[in-house]
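Values in this text are rule-based calculations from the coordinates and carry no lab data. These numbers come from a predicted model, not from an experiment. Ideal geometry is used to build each Cβ from the backbone, glycine not excepted, and the neighbour counts take in all protein chains shown.
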Amino acid sequence: MDAKTGSNLKTAQLTVGDKSWSLPIHQGTIGPDVIDVGKLYAETGMFTYDPGFTSTAACESKITYIDGDEGILLYRGVPIEQLAEHGDFLETCYLLLYGELPTPAQKTDFDYRVTRHTMVHEQMSRFFQGFRRDAHPMAVMTGCVGALSAFYHDSTDISDPHQRMVASIRMIAKMPTLAAMAYKYNIGQPFVYPKNDLDYATNFLRMCFAVPCEEYKPNPVLARAMDRIFILHADHEQNASTSTVRLAGSTGANPFACIAAGIAALWGPAHGGANEAALKMLAEIGTPERIPEFVKRAKDKNSGFRLMGFGHRVYKNYDPRAKIMQKTAHEVLSELGHRDDPLLQCAIELERVALSDEYFIEKKLYPNVDFYSGITLKAMGIPVNMFTVLFALARTVGWIAQWKEMIEDPSQRIGRPRQLFSGATRRDYIPISRRK
Ligand code: CMC
């Protein structure tokens, strides 16, 4: 029962030497129970120790549920497969933010509110000029999203629910505009303003690929694929970037600053940077004949090489997003007439070889969402250095939903982990003249 705390509370006993303590066990609606160690230090003088948070629930949440053993991902209870098949991204945003799928009237109103905020302050376009032309677009995004707090002061009061929602809508609306600007700046083309009669994904593709000298013709298959990629990346419970957003937000920092922190954390190759790394790896492999050599390297601890797009902290089964991504990759490549794309052939063969290899079977290493997303994005004309930017664009709604949930949780306190100290104990300062 519990679900914090309808009660029937179970307890766990902790015994150290001849002393015992009773610790409450909370039960969620689904998923593993948690042992509540919140009072452990006060009562026992001990901390828990769990680097990498392998066994630690850092918060209570109602947003996203993952069963890594079964390969299940639910947004507010709704399976990712159903959303990707039948829903659209803004509907998914509504679901994540408000907890329910929108009615037709709510959907129309939400779409309207988002599209009214797609433009960015004109001065932002000059902000871009400060970056070197060859700056990585993730560096540009980290800077520009952080800078939004300097442009939209009227939505930085986190104690005001209205301002919180305005900031949320602003970020969902402006991320595609900023991402497309980062791309255009990088390739030296003029910025393209958003067009509000287009759907979210088509508008983004147009801002990336339209040029002033010719008419832009949207391709509905590619727009649908982009929208699906956004849905697949919209949230993923307490991953590294989301936890970063929550931790930054727990200090009372404004939402734009918190999302900028999330973007910075996402950039790493073990997290959002993996789609870029996976595509580079497939290009380096080049032909299916070279796969055994790379698989051998991935199994050798001393090589420092891993199969990018493989493995996941939570999924010990096929990542459900990877299945949808693989299907989307086939749809996009066949629409563009690239069915024989050597990267796709390489990916399919690599997956086959790895999934029948004892090392990957034993360690439960399956393709993750990043394995097929790079191939799809590349075929759509998105350059490799923009892949993680697209991930950030889509994940913004998840970060915001989690940030809002944290702010609205009455038990929320500043996040402040403790440590097991193993450095020098107290010792006196020695003046520099006496140091050898
Ligand atoms: N290739 C080869 N061996 C691997 C791989 C891989 N991709 N991933 C994990 N292993 C091995 C690892 O060497 C370790 O072996 P051992 O137990 O003998 O020491 C074992 O599997 C467990 O790995 P771990 O690093 O302890 O697991 P983790 O949960 O800390 O790391 C991970 C998860 C995703 C960082 C890791 O699997 C990885 O580096 N994968 C490649 C990068 C990648 O694709 N990241 C995208 C994640 S999905 C998108 C997202 O959420 O951002």
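Packing, as the average of other Cβ atoms within 10 Å across residues, places the peptides 243-252, 189-198 in the order 243-252, 189-198, highest first.
May I ask you to derive the relative contact order of the chain, considering only C-alpha pairs under 8 Å and at least 6 residues apart, and to give it as an integer percent? Computed value for the chain: 19 percent relative contact order. Entry note, the stretch 327-383: relative contact order of 50 percent, from Cα contacts under 8 Å with a spacing of 6+ residues.
Across all directions, the average projected area of the convex hull around the alpha carbons of the stretch 56-96 is 3.4 nm². For the pair K280 and E70, a Förster radius of 41 Å applied to the C-beta separation gives a FRET efficiency near 0.85, rounded to the nearest 0.05. Placing unit charges on the Cβ atoms only, positive for Lys and Arg and negative for Asp and Glu, gives the chain a dipole magnitude near 1740 debye about its Cα centre.
For the chain, the longest principal axis of the C-alpha atoms and the axis of helix 240-249 are separated by about 70°. The calculated pair-distance distribution of the stretch 283-436 uses every alpha carbon pair, bins of 10 angstrom beginning at 0, and gives 9, 27, 25, 16, 12, 8, 3, 0 percent. Percent of Cα pairs in the stretch 360-413 per distance bin of 10 Å, from zero to the largest separation: 20, 29, 25, 21, 4. Mean 1/r over all different Cα pairs, inverted: what Kirkwood radius does the chain give, in Å? Result for the chain stands at 23.6 Å. Going by neighbour counts of Cβ atoms within 10 Å, the residues D370, D160 line up, fewest first, as D160, D370. For the peptides 115-121, 165-171, 413-419, 257-263, the ranking by packing is 257-263, 165-171, 115-121, 413-419, with the highest mean count of neighbouring Cβ atoms within 10 Å listed first. Helix 387-407 and the long axis of the chain differ in direction by around 40°, with both axes built from C-alpha atoms. Per-peptide packing, taken as the mean over residues of other Cβ atoms within 10 Å, places 347-354, 421-428 in the sequence 347-354, 421-428 from highest down. Across the stretch 38-192, Cα-Cα pairs farther apart than 19 Å form 68% of the total. The ellipsoid equivalent to the alpha-carbon distribution of the stretch 1-70 has semi-axes of 24, 16, 11 angstrom, derived from the gyration tensor eigenvalues as √(5λ) and listed largest first.
Both radii are taken from the alpha-carbon atoms of the stretch 301-365; with Rh as the Kirkwood radius, Rg/Rh is 1.02. For the pair H121 and T251, label points projected 7 Å from Cα toward Cβ lie 2.2 nm apart.
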